[in-house]
1. Restricting attention to segment 185-213, which residues are under 19 Å from SER95 (Cβ atoms) and over 26 Å from the mean Cα position of the chain (by Cα)?
2. With respect to ASN243, determine if the residue is within 14 Å of the chain's Cα centre (by Cα) and under 30 Å from VAL321 (Cα atoms).
3. Taking LEU174, is it closer than 28 Å to ASP114 by Cα, touching a helix residue (DSSP H, G or I) at 6+ places or on another chain (Cβ under 8 Å) and in a helix (DSSP H, G or I)?
4. So which residues in segment 195-215 are out of contact with any Phe, Trp or Tyr (no Cβ under 8 Å at 6 or more places or on another chain) and surrounded by 16 or more Cβ atoms within 10 Å (Cβ to Cβ), if there are any at all?
5. If a residue must be surrounded by 21 or more Cβ atoms within 10 Å (Cβ to Cβ) and either without any contact (Cβ under 8 Å) to a residue 24 or more places away in the chain or not in a helix (DSSP H, G or I) (or both), how many such residues does segment 216-240 contain?
6. On the given criteria, is ARG202 out of contact with any Ser or Thr (no Cβ under 9 Å at 6 or more places or on another chain) and within 23 Å of LEU283 (Cβ to Cβ)?
7. Surrounded by 20 or more Cβ atoms within 10 Å (Cβ to Cβ) and over 20 Å from the mean Cα position of the chain (by Cα): which single residue out of VAL123, VAL130, VAL135, VAL117 fits that description?
8. Among the residues of segment 91-104, is any within 30 Å of GLU73 (Cα to Cα), surrounded by fewer than 16 Cβ atoms within 10 Å (Cβ to Cβ) and assigned by TED's automatic domain parsing to the domain that holds TYR40?
Amino acid sequence: MDLRRFLVNLLSNCMSALTGVGLTFFLTPYIVDTLGKEAYGFYPLSSNFIMYAGIVTTALNSMSSRFITISLEKKDLKQVNVYFNSVLFGNLLVSFFFIVIGGLFCYFAQHILDIPVNIELDVKLLFAFVFLGLVINVSSSIFSVSAFALNRFDKLAMINIVMNVIRLLIIILLFYIFTPRIYFLGVASFFSSLYFMYANYRLTKNIMPEIIFSFNNFSLAAISTLIGAGIWNSVLALSNVINTQLDLILANRFFGASEMGVLSLTKMVPIALQMLLGIIVPLFLPELLKAYANNDLKKMKANLDFSFKAIFIVLLLPIAVFFVFGQEFFKLWLPHEDSEQLYLLSVITLIPFIIHGTIETIHHVFVITNKLRLASFWGIFISILSIISVILLCKFSKLGLYAIPTAALLTGIISHLTFTPLYAARCLGESPGYFYNRIGKGFGSFLILMLIAYLWKYFAIISLDSWQGFILNLSILTVILLVVCVVVFFDKSIMNKIYMEVKGKLNI
């Protein structure tokens, strides 16, 4: 693996993730206090519709990066242009479909969801602007593939950072000049999507001048190839949506807008971690694809093992800290809400992350080896089991709002400990226990991090009653845990290589 490129991509993408998380962190308390948790709950719900749309677009788009990257690796520029333009014009066609669907949903929204009458129009406008942003994103999604194919995720990260700043400035401007409305968040998303489309277009022109935009390069055969390979990714996307993105709709239908608002407030931490995964995990895919394209399975497995260690630090370290300090966080962040309820809901939601976070890049094995069919069928089975469990628990248990994350917890553990590691090992020609060994080590290391965090909290001499004390506590603890992770996971050769790369970058 090109360690220098990986470090540049990692640092830039972490900065990108921080801007997105920071935007949510600072705006949420203000919006909840200004508009109420009922109104706020519809914003993350509207964002979930982007994931629903992904079920359709994934069939065409998910494998485009794979085929374009492999064609580039083989120096087949004609095929690169065929795949690129076929996806571009295919996405434009799909966008018209979303315009129709979005219009119908916005018109009948009050019959589909439980919306308080006093904010009905505002919620409809919120969904309208979010759908317009979705159409723009779908139409231009192929432009981000160039950065993927050339392993320039740092370029995408900078675009994301600027986009988040634009969104923040628009929100501040609208809330300052006009009476605050929930649909202002949709307006900000729409204009930031316009910037994202333009910036990615310019990026493609700059780093991949070989791309020629022409309908003459459109190929139904290429579309058929991509959909044929990607349809199973769409099925996986459907299962992911059912498992993780239907919770707010179910809360709205079973418990009303107010309880949906409560559940939406617990989404900040899981969404932040999911955002980190969405940014960090793809960093490993280009190298994995290249190794597979060159039939170098040994290098591919080595890159997988390195990815497990890096993702453990990025994902499980903050989860360990949150499990110990989460209630104090909610007390400070949302002082007028029930911090214990928000904390428990968040913990239940995050438990499956502990398991699949130890081997997150395992899911790319199915994409790389193009063995998605069986994984897709399993995903649908687990999704159906999850939705049935949620409905039964909501209707017949006394868990109330806790029923929704509890059902996802049970089905998530079943999936992450059975089919996923077993089938991935089979795809790589390894023994059935190949990934269980890594899961066990990852879980044991997580418990050690939690123990250290708990001892730090128990013996802490710095008060947690203020943001200053809270941040100082977590800053010192994070450094300690980071040192522990680095010492445990990385040998001297890797550490020396990282040190030399950082030293060279900083001109020390």
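1. PHE213
2. So ASN243 passes the test.
3. Spelling it out, LEU174 is indeed closer than 28 Å to ASP114 by Cα, touching a helix residue (DSSP H, G or I) at 6+ places or on another chain (Cβ under 8 Å) and in a helix (DSSP H, G or I).
4. Residues satisfying the conditions are TYR195, PHE196, ALA199, MET208.
5. Of the residues in that region, 0 qualify.
6. Taking the combined requirement at face value, the residue satisfies it.
7. Going through VAL123, VAL130, VAL135, VAL117 in turn, the sole match is VAL123.
8. Yes, some residue in segment 91-104 is within 30 Å of GLU73 (Cα to Cα), surrounded by fewer than 16 Cβ atoms within 10 Å (Cβ to Cβ) and assigned by TED's automatic domain parsing to the domain that holds TYR40.
The values are calculated or read from the model by the stated rules, or taken from the named source; none is laboratory data. Values in this document were obtained by computation on a predicted structure and should not be read as measured data. Don't worry about glycine lacking a Cβ; one is built from the backbone with ideal geometry, like all the others, and counts go over all protein chains shown.
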